[in-house]
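Below is one structure, written out as structure tokens; the observations come after it.
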Amino acid sequence: MINLKKIRKTNQKKKKLTLLGIIILIITATATCTFLFLSSPKLEIEKSTLTFSYDEEVILPKYRAYAMNKDISNKVKIKSEVEKHKVGKYFVTYQIKTPTANLKKLVLVKIIDPKKPVITLKGEKEVFLCPNTTYQEDGFQAIDEYDGNITKKVRTKTEEDKIVYQVEDSSHNKTEVERKIYYEDKTSPTITLK
């Protein structure tokens, strides 16, 4: 004959053991996740984007790395391809590897040309002409600190009383200068006797 009492006790023991096993599994999983979370490195970087002029020294931002409340900043590897005298956008990679993780963060470095080109007019900035005559260009030159001689990029616009000279460098810095034209007869007539 089947002993129902014995079967019930056995089933209750199995349920208790199964419940105990589930609890142990949950505790183990929680402990493992907590350990992995705490032991995973954290990397804090002061700034994620930097901007420098092409003629400035590039200074990378301060950073801090830690895991399990221990400073591991000395293990951070920095890889930079910044060409400090060349206008453009570059990335600097901060990387830290530990047994539990491989963490990378990027910092964008923008090298810019903030300086406007300079247009130098040859001759006078104010020209006096007799009425009904046309101004003959004396010349001009445009120099940019980054691009060099950009005279060929100068555009001129003749207006009623002036000529406007405009130039833009490769970084879209613009400069404009004017040469004023006055149509006045400032020369007294001369009389020659024969």
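The values are calculated or read from the model by the stated rules, or taken from the named source; none is laboratory data. What you are looking at is a predicted structure, and each value in this text was computed from that prediction instead of being measured. All Cβ positions, even for glycine, are placed from backbone atoms using ideal geometry, and neighbour counts span all protein chains on display. Each accessible area value is taken on the protein alone, full model and side chains, heavy atoms only, with ligands, DNA and RNA left out. Shrake-Rupley method; radii C 1.70, N 1.55, O 1.52, S 1.80 Å.
The set of residues in the range 103-118 that are open to solvent by 30 Å² or more (accessible area, probe 1.4 Å) and in contact with a strand residue (DSSP E or B) (Cβ under 7 Å, 6 or more places away or on another chain) comprises Leu103, Lys104, Lys105, Leu106, Leu108, Lys110, Ile112, Pro114, Lys116, Val118.
Yes or no, residue by residue, for (1) closer than 30 Å to Glu56 by Cβ; (2) polar (S, T, N, Q):
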residue: Val107; (1), (2): yes, no
residue: Glu126; (1), (2): no, no
residue: Thr134; (1), (2): no, yes
residue: Glu145; (1), (2): yes, no
residue: Ile163; (1), (2): no, no
residue: Lys186; (1), (2): no, no
residue: Lys194; (1), (2): no, no
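Mind listing whichever residues of the range 68-80 are assigned to a strand (DSSP E or B) and loosely packed, with under 13 Cβ neighbours inside 10 Å? Hits for the range 68-80 are Lys70, Asp71, Lys77, Ile78, Lys79. For Glu83, the conditions (1) touching a residue at least 12 places away in the same chain (Cβ under 8 Å); (2) surrounded by fewer than 12 Cβ atoms within 10 Å (Cβ to Cβ) are fulfilled apart from (2).
So, restricting to strands (runs of 3 or more DSSP E) that lie completely within the range 142-194, which ones have at least 3 residues that are open to solvent by less than 60 Å² (accessible area, probe 1.4 Å) and at pLDDT 95 or above?
Numbers: elements: 155-158, 162-168, 174-183.
Once the strands (runs of 3 or more DSSP E) in the range 142-194 are filtered for at least 3 residues that are open to solvent by less than 60 Å² (accessible area, probe 1.4 Å) and at pLDDT 95 or above, what remains is 162-168, 174-183.
Answer yes or no as to whether Tyr94 is aromatic (Phe, Trp, Tyr), under 30 Å from Asp55 (Cα atoms) and in a strand (DSSP E or B). So Tyr94 passes the test. Could you tell me whether any residue of the range 119-128 is touching a strand residue (DSSP E or B) at 6+ places or on another chain (Cβ under 9 Å), at pLDDT 95 or above, within 24 Å of Val167 (Cα to Cα) and open to solvent by less than 70 Å² (accessible area, probe 1.4 Å)? Yes: the range 119-128 contains one or more residues that are touching a strand residue (DSSP E or B) at 6+ places or on another chain (Cβ under 9 Å), at pLDDT 95 or above, within 24 Å of Val167 (Cα to Cα) and open to solvent by less than 70 Å² (accessible area, probe 1.4 Å). The set of residues from the range 43-67 being surrounded by 14 or more Cβ atoms within 10 Å (Cβ to Cβ) and not small (Gly, Ala, Ser) comprises Leu43, Ile45, Leu50, Phe52, Tyr54, Val58, Leu60, Pro61, Tyr63, Tyr66.
Can we say Thr30 is modelled with pLDDT under 65, open to solvent by less than 100 Å² (accessible area, probe 1.4 Å), more than 30 Å from Val92 (Cα to Cα) and not hydrophobic (A, V, I, L, M, F, W, C)? So that I can check it myself, show each step before the final result.
On the way: modelled with pLDDT under 65: no; open to solvent by less than 100 Å² (accessible area, probe 1.4 Å): yes; more than 30 Å from Val92 (Cα to Cα): yes; not hydrophobic (A, V, I, L, M, F, W, C): yes.
No: the conditions fail for Thr30.
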